[in-house]
Amino acid sequence: MSLLSYFEALEASPIGVFVKDKAATFACIEAVHLMALALLGASVLSADLRLLNVVLRDVPSNAVTEQAHRWFKLALGVLLVTGFFMLAGVATKCYHNPFYWAKMITLGLGIVFVFAIKQPLLRKDHAQLNPWTLKLVALASLMIWFVVAASGRWIGFSG
Amino acid sequence: MNEWLLEFAESIGATSFSVGLHESYYMYAWIESIHVITLMVSLGMLIVIDLRMLGVWLKDVPASKIAERLDRPMLIGFSIMVVTGVLLYVGIPIRTTQSLWFRIKVILLVAAFINAWLFRRHMQSSVGTWDVAPVPPRRTRVAAALSLTLWAGVVCCGRFIAYDWFDCGQDNPAFIDWAAGCVAGEEGGQHG
């Protein structure tokens, strides 16, 4: 089976039909997706801006990043589930949309980056780490999630 | 009132600036993208503050410290939201004026603003007694929950403005036409 046929099967599946059946269904899922984006912003920005010494400078960065990660996981979970439902409704459109693939690639990179690089590093005592390492990790994280969000918004314009 | 609002929207829509925004595919899309992505800053910071006030995030940091330190980035975010939001309105003024969702959104924004203003006053007068409490008193938590609920409503309405379910000139129930402020004999006729 080709990759496209999986997308076609998803769109024809009961999930795809459910999402497509009424415009309001898609719109409501989008709204929840956006709320979870705000929560993702809350966790990513509070942690990364703390690491960059922009906000909460007088709160220990270990505490900020550790607690932010819990909310990050919740936000990411909601985004993935609602995102999957949205994809199901317009799967074949997405297949032909370069911004969809740009988003999926950066999203994959972002997830690997957070769980394989960022979190293992941030679990260590930040005082023992090179401050520039922390700043670069924060900057990379900000850029990745910005690209994910921006290319996500652009899927809707270019479809 | 609705006639006046429509006239106001029509006069904005007639300006070359508005036409330019509307006709320029990329400019409008860029402004909309900035509006959506800045949600992560404005509402992101608001969520951190409200979740602290609910006693579920950064419980070991004084509540006033979180509110004070994140106030500026939050307000920067909201400033960008206001500027891009006004530009989005100017780009499509007539349809937006007669949008049911836009109207609900504005009401919710006003409610959220009043809630935030009352909360700020409540905080200034009493924070000394509960600043370091991991879970703030009930009144604080109610205000924070209300704030999050109102903003969730703002996000929903904001997203729904893009859909034409209840545009004027369609076969809407009379109540919807009234709430959206449709002016008899006029059709929005402007789509985003």
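The values are calculated or read from the model by the stated rules, or taken from the named source; none is laboratory data. The shown structure was predicted, so the numbers you read here are calculated from the model rather than taken from an experiment. Backbone-built Cβ (ideal geometry, glycine too); neighbour counts: all protein chains shown.
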All conditions in (1) facing another protein chain (nearest Cβ under 8 Å); (2) buried (at least 22 other Cβ atoms within 10 Å of the Cβ); (3) under 17 Å from the mean Cα position of the chain (by Cα); (4) under 18 Å from A:ALA138 (Cβ atoms) are true of A:VAL64 except (3)
Does the range B:113-133 contain any residue that is within 14 Å of chain A (Cβ to nearest Cβ) and modelled with pLDDT of 95 or more? no
Counted residues in the range B:18-64 being hydroxyl-bearing (Ser, Thr, Tyr) and farther than 22 Å from A:PHE99 by Cα come to 3
Among (1) surrounded by 17 or more Cβ atoms within 10 Å (Cβ to Cβ); (2) under 30 Å from A:CYS28 (Cα atoms), the one test that B:ALA63 misses: (2)
Residue among A:ALA88, A:ALA24 that is modelled with pLDDT under 95 and of a type in the set (A, V, I, L, M): A:ALA24
Hey, B:ILE12 within 13 Å of chain A (Cβ to nearest Cβ), of a type outside the set (S, T, N, Q) and not in a loop (DSSP other than H, G, I, E, B) or not: no
Restricting to helices (runs of 4 or more DSSP H) lying wholly in the range A:17-114: which have 2 or more residues that are among the acidic types (Asp, Glu)? A:23-51
Members of the range A:42-61 found to be within 8 Å of chain B (Cβ to nearest Cβ) and in contact (Cβ under 8 Å) with a residue 40 or more places away in the chain, listed by number: A:VAL44, A:LEU45, A:LEU49
For the range B:32-47 the number of residues that are facing chain A (nearest Cβ under 7 Å) and of a type in the set (Gly, Ala, Ser) is 2
Restricted to the range B:48-67 and to residues being outside any loop (DSSP other than H, G, I, E, B) and either aliphatic (A, V, I, L, M) or in contact with a Lys or Arg (Cβ under 7 Å, 6 or more places away or on another chain) (or both), the residue nearest to the other protein chains (Cβ to nearest Cβ) is B:VAL48
Give the residue, chosen from B:TRP130, B:TRP151, that is surrounded by 14 or more Cβ atoms within 10 Å (Cβ to Cβ), in contact (Cβ under 8 Å) with a residue 40 or more places away in the chain and over 25 Å from B:VAL90 (Cα atoms). B:TRP130
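Each row is one residue, and each column tells you yes or no for (1) part of a helix (DSSP H, G or I); (2) under 22 Å from B:LEU58 (Cα atoms).
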residue	(1), (2)
B:ARG95	yes, no
B:ARG103	yes, no
B:ILE107	yes, no
B:ASN115	yes, no
B:ARG120	yes, yes
B:ALA133	no, yes
B:ARG141	yes, yes
B:LEU146	yes, yes
